[in-house]
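Trainee: Please see the structure below; I have some questions.
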Amino acid sequence: MKKSKLLFTLASVLIVASMVLGACATQTQEPVVTEPPAAGSELAVGIVLPTKDEPRWIQDETRFKEALTQQGYSVEILFSQGDPAKEKQNVETLISKGIKVLILCPHDGTAAAAAAEAARDAGVKVIAYDRLILDTDAVDYYVTFDSVAVGEAQAQYLVDQATGKGKGLPLYLYGGASSDNNAFLFFEGAWNVLQPKIADGTFVIKNSSEAVALQDKAKLTRDEMGRILGQITTNWDFNVAKNLAEANLTAVTAADKGEVFILAPNDGTARAIADAFAADTDVTKYYITGQDAEKASVQYIIDGKQSMTVLKDVRTLVADAIAAAVAFLEGKTPEQTHTYNNNVIDVPAKPSAVVTVTKDNVKAAIIDSGYYPASDFTGLE
Ligand code: BGC
């Protein structure tokens, strides 16, 4: 059953069979089949996520399964393990199983164009999920958070902590993978808020000569951001992040440390970078950002080892993706408030808001909101 994951047609047979047997049981394994879907609302959908190696995407898988189980839909979720060839193969597998809608979170935005085009050629609607698919017109919709707002929230946190601390505060910048369009949006947002505070001398960038060379420019081109990212990228990889942070700390003097401010792009890399800074005896205090509200980072925040995260409520993203898929299946158009240019077309989208989480509001934002149960953590007040 687990191996031979089935899609809508076969799932319907299962549903009918289970109704006949009077045994419409809740199943947690794939395919997610629970109650018979309401007439006309069946979901012939395939989902492809980038990797199982980051808790962020396991969050998405879990939330999809919860939502789909509740709603009685059947879908198949496949992971690409950071490999565009595997991603394309996953999409082809789903097409061959007859999906009508593809929800794809690309590992590499440009490389995913071929997979999106294969789906489009097969008459499948393509929804880019969280990360935009670039350089193709074969994208019908984009479900996303406001990624510029994520970077702005991270930078605003650092600026708030710097208030009243004078000038010349050491700033270390880290970014995501250049193959991910979001990495540019996060950095753009962070630069919007940090740049004036770099230009006025509040912060001094310690680990990117490209960023220093551009520090008087309020708006950067994609190419300029690419040059900075080339020096500060973590490639979304914990080990790359740790090694880069260690190399940066080795390259500077004790005078460049003390109380430091660190823009880390997400939670996984934030924990790796925070551990490297914590291990340096010349660092007396650090402020470090993150995003995703991964459980391990929520615990780091409670323990005072990570300063903040940006909660992107995956339940909202999943609900938006399912709503868009249902709209397409019913021949309708999903709700649109924005467009995102992917170098070929303006892709319709409805970006969702994000929430800053620190030790002060972690209980309200994460526990009281029902995002995670208190029992997953220790030391909560
Ligand atoms: C996502 C982040 C995630 C990062 C690394 C980005 O595209 O928006 O939530 O942390 O990729 O996987």
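The values are calculated or read from the model by the stated rules, or taken from the named source; none is laboratory data. Note that the coordinates shown come from a computational prediction; the quantities given were computed from them, not determined experimentally. We place every Cβ from the backbone using ideal geometry, glycine too, and count neighbours over all the protein chains shown. Keep in mind that these areas ignore ligands, DNA and RNA; they rest on the heavy atoms of the full protein, side chains included. Shrake-Rupley method; radii C 1.70, N 1.55, O 1.52, S 1.80 Å.
Trainee: Using a cut-off of 11 Å between beta-carbons, work out the net charge of the residues near Asp146 (Lys and Arg +1, Asp and Glu -1, Asp146 not included). Could you put the intermediate results ahead of the total?
Mentor: Working: positive: Lys312, Lys350; negative: Glu152.
Taking every Cβ under 11 Å from that of Asp146, the sum is +1.
Trainee: For Val240 and Thr69, what does the FRET efficiency come to when R0 = 45 Å and r is the distance between their Cβ atoms, rounded to the nearest 0.05? Can you show the working numbers first?
Mentor: Numbers: r = 36 Å, r/R0 = 0.79.
E(calc), rounded to 0.05, equals 0.80.
Trainee: Nearest 10 degrees, 0 to 90: what angle lies between the long axis of helix 181-199 and the longest principal axis of the chain (Cα atoms)?
Mentor: The two axes meet at around 20 degrees.
Trainee: Mind listing which trypsin sites (Lys or Arg not before Pro) in the stretch 113-185 are in a DSSP loop and have 16 or fewer other Cβ atoms within 10 Å? Numbers along the way, then the final one.
Mentor: Working: sites: Arg120, Lys125, Arg131, Lys165, Lys167; in loops: Arg131, Lys165, Lys167.
The qualifying sites are Lys165, Lys167.
Trainee: Right, next: Mind checking which lysines have their C-alpha under 29 Å from Lys359, skipping anything on the same chain fewer than 8 residues away?
Mentor: Candidates past the 8-residue exclusion: Lys52, Lys165, Lys167, Lys197, Lys206, Lys242, Lys257, Lys285, Lys295, Lys305, Lys312.
Trainee: Sequence-distant or interchain residues sharing an amide H contact under 5 Å with Gly258, placed H: which?
Mentor: When sequence neighbours closer than 5 places are left aside, the close amide H contacts are Val283, Thr284.
Trainee: Might you report the magnitude of the Cβ-based charge dipole of the stretch 106-204 about its Cα centre, with Lys and Arg at +1 and Asp and Glu at -1, to the nearest 20 debye?
Mentor: Details: 6 positive and 13 negative charges, 99 e Å.
Dipole of the stretch 106-204, to the nearest 20 debye: 480 debye.
Trainee: Using Cα centres only, tell me the gap between the stretch 213-283 and the stretch 157-210 in whole Å.
Mentor: One Cα centre to the other: 10 Å.
Trainee: Something else: Which residue, chosen from Thr234, Thr358, Leu214, occupies the Cα position most advanced towards the positive end of the dipole of the chain, where the dipole is computed from +1 (Lys, Arg) and -1 (Asp, Glu) charges on Cβ about the Cα centre?
Mentor: Of the listed residues, the answer is Thr358.
Trainee: Something else: Taking +1 at the Cβ of each Lys and Arg and -1 at the Cβ of each Asp and Glu, which of Gln154, Gly176, Ala199 sits farthest along the dipole of the stretch 102-238 towards its positive end, judged by Cα position relative to the Cα centre?
Mentor: In the stretch 102-238, that residue is Ala199.
Trainee: Report, by chain and number, residues whose modeled amide H sits under 5 Å from the one on Thr234, excluding near sequence neighbours (fewer than 5 apart, same chain).
Mentor: Residues meeting the amide H criterion: Gly175, Gly176.
Trainee: Which of rounded, prolate or oblate describes the stretch 215-313 when judged by the alpha-carbon gyration tensor and an a/c cut-off of 1.5?
Mentor: Working: a/c = 1.68, a/b = 1.11, b/c = 1.51.
Because a/c hits 1.5 or more and a/b fails to exceed b/c, the stretch 215-313 counts as oblate.
Trainee: Separate question: Around Ala111, under 10 Å between beta carbons, what's the net of Lys plus Arg minus Asp minus Glu among the other residues? Spell out each step's value before the answer.
Mentor: Values: positive: Lys88; negative: Asp83, Glu87, Asp108, Asp135.
Once positives and negatives cancel, what remains is -3.
Trainee: Using a 1.4 Å probe on the protein chains only, how many percent of the accessible area of the stretch 185-316 belongs to carbon and sulfur? Display every interim value, and only then the final one.
Mentor: Working: 2490 of 4910 Å².
About 51 percent, which is the carbon plus sulfur part of the accessible surface.
Trainee: Moving on. Could you do me a favour and compute the accessible area per residue for the chain, 1.4 Å probe, result in Å²? Present the calculation step by step, with values, prior to reporting the outcome.
Mentor: On the way: 15330 Å² over 381 residues.
Normalised by residue count, the accessible surface of the chain is 40 Å².
Trainee: Between Lys167 and Asp200, how many nm apart are label points set 7 Å from Cα along the C-beta direction?
Mentor: The modelled label-to-label distance comes out at 1.2 nm.
Trainee: Can you tally the net charge around Val252? Count Lys and Arg as +1, Asp and Glu as -1, for every other residue whose Cβ sits under 15 Å from the Cβ of Val252. Before the final figure, lay out the partial values.
Mentor: On the way: positive: Lys206, Lys257; negative: Glu246, Asp256, Glu259, Asp280, Asp282.
Surrounding charge for Val252 is -3.
Trainee: Name the residue from Ile127, Asn341, Gln306 whose Cα lies farthest towards the positive end of the charge dipole of the chain, charges +1 on Cβ of Lys and Arg and -1 on Cβ of Asp and Glu.
Mentor: Farthest towards the positive end: Gln306.
Trainee: Give me the percent of DSSP beta bridges within the chain that run antiparallel, rounded to the nearest 5.
Mentor: Values: 8 of 38 bridges.
Rounded to the nearest five, the antiparallel share is 20 percent.
Trainee: Roughly how many Å² of Tyr287 are accessible to a 1.4 Å probe, to the nearest 10?
Mentor: The accessible area of Tyr287 comes to roughly 20 Å².
Trainee: Extension gain Thr253-Asp135, at 0.36 nm per residue separation less the Cα-Cα distance, in nm? Let's see the in-between values first.
Mentor: Numbers: separation 118, 0.36 × 118 = 42.48 nm, distance 4.31 nm.
Full extension from Thr253 to Asp135 adds 38.2 nm.
Trainee: Working from the pairwise distances between different alpha carbons, so that the mean of 1/r is found and then inverted, what is the chain's Kirkwood radius in Å? Display every interim value, and only then the final one.
Mentor: Details: mean 1/r = 0.0459 Å⁻¹.
Here the Kirkwood hydrodynamic radius works out to 21.8 Å.
Trainee: Obtain the radius of gyration and the Kirkwood radius of the stretch 103-143 from its C-alpha atoms and give Rg over Rh.
Mentor: 0.90
Trainee: Please get the size of the charge dipole for the stretch 64-136, origin at its Cα centre, with Cβ charges of +1 on Lys and Arg and -1 on Asp and Glu, quoted in debye to the nearest 20.
Mentor: Working: 8 positive and 10 negative charges, 49 e Å.
The dipole of the stretch 64-136 has a size of about 240 debye.
Trainee: Right, here's the next one. Calculate, for Glu224 and His338, the FRET efficiency according to 1/(1 + (r/R0)^6) with r their C-beta to C-beta distance and R0 22 Å; round to the nearest 0.05. Mind dumping the intermediate values first?
Mentor: Values: r = 24 Å, r/R0 = 1.08.
E(calc), rounded to 0.05, equals 0.40.
Trainee: Of Arg56, Arg222, Arg271, which is the most mobile in a GNM of the chain whose springs link Cα atoms less than 10 angstrom apart?
Mentor: Comparing Arg56, Arg222, Arg271 in a Gaussian network model of the chain, the most mobile one is Arg222.
Trainee: Using the alpha-carbon centroid of each, what span in Å lies between the stretch 347-375 and the stretch 90-153?
Mentor: Measuring centre to centre over Cα atoms gives 25 Å.
Trainee: Next question, about the same structure. Gain in length, Thr93 to Val159, computed as 0.36 nm per residue apart minus the alpha-carbon separation, to one decimal in nm? Before the final figure, lay out each step's value.
Mentor: Details: separation 66, 0.36 × 66 = 23.76 nm, distance 4.74 nm.
Stretched out fully, the Thr93 to Val159 stretch lengthens by 19.0 nm.
Trainee: Assigning unit charges at the beta carbon (Lys, Arg +1; Asp, Glu -1) and nothing else, what dipole magnitude in debye, to the nearest 20, does the chain show about its Cα centre?
Mentor: Numbers: 34 positive and 49 negative charges, 55 e Å.
Value, rounded to 20: 260 debye.
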